[in-house]
Structures are given as structure tokens and as C-alpha cells.
1. Grab the DSSP H runs of the chain that are 4 residues or longer, score each as -39,500 (n - 2.57), total them, divide by all residues and round the 222 nm result to the nearest 500 deg cm²/dmol.
2. Which whole-number percent gives the relative contact order of the chain, counting Cα pairs below 8 Å spaced six or more residues apart?
3. Determine the principal axes of the Cα atoms in the range 79-159, then give the extent along each, sorted from largest to smallest and rounded to whole angstroms.
4. Here are some pairs, Lys94/Lys183; Lys18/Lys187; Lys142/Lys170; Lys33/Lys94; which of them have Cα atoms lying more than 23 Å apart in this structure?
5. Under a point-charge model restricted to the Cβ atoms of Lys and Arg (+1) and Asp and Glu (-1), what is the dipole moment magnitude of the chain relative to its Cα centre, in debye to the nearest 20?
6. Which residue, Val191, Ile23, Val90, has the largest displacement toward the positive end of the dipole of the chain when charges sit on each Cβ (Lys, Arg +1; Asp, Glu -1)?
7. Can you give me the Cα centroid spacing of the range 128-193 and the range 37-61 in angstrom?
8. Compute the long axis of helix 102-130 from its Cα atoms, compare it with the longest principal axis of the Cα atoms of the chain, and write down the angle in degrees, 0 to 90, nearest 10.
Amino acid sequence: MLGLKLPTDPRWVNIVEKNIEEILTDHAFCEQKATSTAISLIVSFPEYTELVQEMTGLVTEEMSHFKMVHDIIIERGYTLGRDRKDDYVVQLMKFFPKGGSRTTQLVHRLLYAALIEARSCERFRLLSEELEDKKLAKFYKKLMISEANHYTMFLGFARKYGDRKEVDQKWNDLLDYEAQIMKDLGKKETVHG
Ligand SMILES: [Fe+2]
Ligand SMILES: [Fe+2]
């Protein structure tokens, strides 16, 4: 349903389980970055009224996810660590050439956002199914559903604002590229590592 071409090796969950504090800090900053992305889309594309409306709601929702994760960090006696560089996202964002028309740039940003939501959703599903810590597993199940909706929304906007056939081709190519990146990942206790 997410279109991803390479599933995460479930053994990634074993790595995560050994360092819950690390995944929680990394996850909190994923939610912060999702908030920042939504704000940045509003700033860059103010004339896309429907997008601006949806992004406004998304800012609130993603920031509430940040708070949920931060609350868990506090509950468990941890402290939020420093932001980590997300190598997966850095790599991913090299795919589309820079420049092009405004619409092209918007479509590219929407497709990146859709894919990051899709992969996060897949990772959260794995955590919800495999974590020994049932309380945390339940939390990830809830978030998995939210991120799946975001994936659908971003992809929907890309198809709405861009040329449908062209967007579908780009999406498919991006999925192929992402699968290549994922081959070397699944070894770190981070959401996309
Ligand atoms: Fe989120
Ligand atoms: Fe999201």
C-alpha cells in the first residue's frame, strides 16, 4: 500500500531495542523536521490555498507528535539529546535535479515528503509489531496510522498540482532510488537508519 520496494529487515528492531533512548531522540527530531517541512511549504508556496490549509493542520499535528515523544522521553527518565543528521533524507534529496519551474519544484518536494512519511510509517509498523515493550508498541501503532494518512495526502497533492502521468513516473523512479539507499540501511537505532 505504501509502494515501497524494499522492506526493512525486521532485525533492525533488535538494534533499536538495545537503545530506546537513542531512537526516541531521533524520532522526536523527525517529528520536528516534519513540522518544519510543513511550515516551509507554506512559506514557499503560499498561492496553493488548499496546500496551505492542509499544512497548517499538519504543523499542529506533527508538533503534537513531537510532544508525545518528548513526554515518553521524560517519563522514562531520559533527556532529549541533540538533533542527529538524517543521512537517509540527505541521500534521498539528491535524487531530483535542482531548479525547474515552481510547479516542478513543488512536485519534487511533495514526493520527497510522501516518501519520508511512507518509510517512517513502515518503520513504525515494524516497531508496533515487533517491540517487546508493549506500551511503546501501542504508541507506534497509533503514529503509524497518522503517517500513512500524511503519505496519502502528500502524494495526492503531487498528483493534483503536477501532470499525473509525469508525477507517477517520477514517483516510481524515486521509489527505485530509495530502495537502493535502503540496501545499506537498517543497521542503526534511528527511524531511518
Ligand atoms: Fe508525525
Ligand atoms: Fe507525518
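1. For the chain, the value works out to -25000 deg cm²/dmol.
2. Computed value for the chain: 35 percent relative contact order.
3. The Cα atoms of the range 79-159 stretch 47, 29, 19 Å along their principal axes.
4. Beyond 23 Å: Lys142/Lys170.
5. Here the chain has a charge dipole of around 220 debye.
6. Looking along the dipole axis, the top candidate is Val90.
7. Spelled out, the Cα-based centre of one part sits 20 Å from the other.
8. Long axis of 102-130 versus the principal axis of the chain: about 20 degrees.
The values are calculated or read from the model by the stated rules, or taken from the named source; none is laboratory data. In this text the structure is predicted, and so the values were computed from the model without any measurement. With ideal geometry, Cβ positions are generated from the backbone for all residues, glycine too; neighbour counts draw on all protein chains shown. For accessibility, only protein heavy atoms count, side chains too; no ligands or nucleic acids. Shrake-Rupley method; radii C 1.70, N 1.55, O 1.52, S 1.80 Å.
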